[in-house]
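Participant: Handing you a structure now.
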Amino acid sequence: MELILAFILGILAGTITGLIPGVHINLIAAILLTFIFLTPFPITIILVFIVAMAITHTFVDFIPAVFLGAPDEDTGLGILPGHEFLLKGHGHQAVKLTTIGSTIAILSLIILVPAFLLFIPKIYPFIERMLGLFLIWIAVLLILHEKESRIKATIIFILAGFLGLASFNLNIQQPLLPLLTGLFGASTIINSIRTRTKIPPQKIEKLTLTKKELIKPTISTAIISPFCSFFPGLGSSQAAVIGSEIMGKLNREQFLILLGSINTLVMSMSFVTLFLIQKSRTGAAATISQITQLSFPDLLTILITIAVTSIIAIPLTLQISKLFAKNIHRIPYAKISITILIFLTAITIFFSGFLGFLVFITATTLGLTCIEFQTRRSFLMGAILIPTILYYLPF
């Protein structure tokens with residue numbers, strides 16, 4: 001009964017953190033740690049709760065990104081194609097696509113976990129030494145593939161990098177919150193208000209995809225996710241950009257599948273990585289690392305929890321998305337946008353303080369500049385890529 005209760009509460013917590021912008025699983029995990037130190041719980045109960053919460057979050061967190069333009073660090077780029085789907089009346093379709101991606105991620109675990117257990121301890125030192133150079137190559141590739149204006153793309157990429165460096169070196173709690181919320185969330189919302197965007201009635205239709213359309217995002221996820229499972233600072237959004245460049249041009253449907261898949265797989269594999277090399281890639285894994293050192297039975301418990309959680313999270317996400325889709329057009333979008341903008345500002349100030357607010361304003365301005373330049377907004381991920389490159393350079 002205790003395990004079932006922990007499982008249900010974990011799914012509930014993951015749904016709440018996924019739906020409310022700015023309330024991340026790291027916050028719940030930090031609160032949980034306080035209670036654990038006061039009243040110790042059995043390790044298995046804690047593992048089930050944290051894993052169920054984390055996996056549910058990766059399914060649900062695309063709903064506010066698509067319908068409200070409010071991202072977290074893993075869904076920032078999901079706003080871009082997701083918003084276009086929303087404006088065409090296909091917001092629910094966008095969430096469906098990310099859910100398909102998350103489902104692919106869970107199925108991919110069957111192949112990747114044995115490979116991780118066998119090879120990762122042997123090759124990890126080499127990958128760690130080469131990551132900085134690998135990311136430089138990716139950054140150059142991104143700029144060279146820009147068709148409109150490489151100069152503008154380079155300017156945006158470098159400015160975002162400087163902003164990221166400044167954010168991480170300031171005394172700010174949760175620096176990613178004001179940084180990514182400004183770059184992708186607030187700038188999108190302000191642009192929608194400025195252009196007087198109207199949300200059409202959303203269509204809830206059957207999604208048809210060919211097997212061929214699923215191949216690229218699936219292969220890309222399998223290639224990129226291992227890298228992201230090792231290294232802090234290389235998140236799902238950046239991984240999706242890298243994956244799309246490696247596999248060649250992806251359409252918007254494939255990109256959303258890729259983003260959903262990498263988001264869930266990186267979270268899932270972070271627990272395996274913690275078991276193998278005792279490094280915590282995600283906040284959820286970091287919380288577990290502070291409580292216990294994972295044994296193989298613990299890992300099996302985690303993998304079973306991931307599978308069972310996914311079975312529930314898939315229909316849960318789709319039902320909540322349908323609820324949003326049926327009602328989003330009934331509320332004036334300008335009022336929704338202003339309300340969300342005020343809420344994001346308040347969340348930023350509450351968690352990151354005055355310095356975080358300054359980062360938020362600067363990031364929003366840079367995001368709007370990128371829109372005015374008509375440059376691909378994936379170049380804004382320089383805010384995380386450049387600090388990551390500098391951190392992992394072998395000299």
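Participant: Using every pair of alpha-carbon atoms in the range 106-155, split the distances into 10 Å bins beginning at 0 and state the percent of pairs per bin, rounded to integers.
Facilitator: That works out to 21, 26, 27, 21, 5, in percent per bin.
Participant: Could you work out the local net charge near PHE49, counting Lys and Arg as +1, Asp and Glu as -1, over the other residues with Cβ closer than 14 Å to its Cβ? All intermediate terms of the calculation are to be shown ahead of the outcome.
Facilitator: On the way: positive: none; negative: GLU2, ASP298.
Within the 14 Å Cβ shell, the charges total -2.
Participant: If you don't mind, there's one more thing I want to ask. Tabulate in residue order the Karplus-calculated ³J(HN,Hα) for the range 135-147, using 6.51 cos²θ - 1.76 cosθ + 1.60 with θ = phi - 60°, rounded to whole Hz; enter x for Gly and Pro.
Facilitator: My calculation for the range 135-147 gives 5, 4, 4, 5, 4, 4, 4, 4, 5, 5, 7, 6, 8 Hz in order.
Participant: Here's another thing I want to ask about it. Work out, step by step, the length gained on full extension between ARG196 and LYS212: first 0.36 nm times the residue separation, then minus their alpha carbon distance; give nm to one decimal.
Facilitator: My answer for the length gained is 2.0 nm.
Participant: Among the listed pairs LYS147/LYS211; LYS211/LYS335; LYS279/LYS326; LYS152/LYS279; LYS211/LYS279, which have their C-alpha atoms separated by more than 32 angstrom in this model?
Facilitator: On the way: LYS147/LYS211 29 Å; LYS211/LYS335 40 Å; LYS279/LYS326 43 Å; LYS152/LYS279 37 Å; LYS211/LYS279 36 Å.
Pairs exceeding 32 Å: LYS211/LYS335; LYS279/LYS326; LYS152/LYS279; LYS211/LYS279.
Participant: Quick one: which of 326-337, 343-354, 253-264, 87-98 comes out on top by average Cβ neighbours within 10 Å, and what's the full order, highest first?
Facilitator: Per-residue Cβ counts within 10 Å, averaged per peptide and sorted highest first, yield 253-264, 87-98, 343-354, 326-337.
Participant: Whole-Hz ³J(HN,Hα) for each residue in the range 264-275, computed from phi via Karplus 6.51 cos²θ - 1.76 cosθ + 1.60 with θ = phi - 60°, x for glycine and proline: what do you get?
Facilitator: Running phi through 6.51 cos²θ - 1.76 cosθ + 1.60 with θ = phi - 60° gives 6, 5, 4, 4, 5, 6, 5, 6, 5, 4, 4, 5 Hz.
Participant: Can you list the HN-Hα couplings for the range 49-63, worked out from phi with the Karplus curve (6.51, -1.76, 1.60; θ = phi - 60°), rounded to whole Hz and with x for Gly and Pro?
Facilitator: 4, 4, 5, 4, 5, 5, 5, 4, 4, 5, 7, 7, 5, 7, 5
None of the figures in this text is laboratory data; all of them are computed from the coordinates on show. Please read these numbers as outputs of a predicted model, since none were measured by experiment. Positions of Cβ are backbone-derived with ideal geometry, glycine not excepted, and every protein chain shown enters the neighbour counts.
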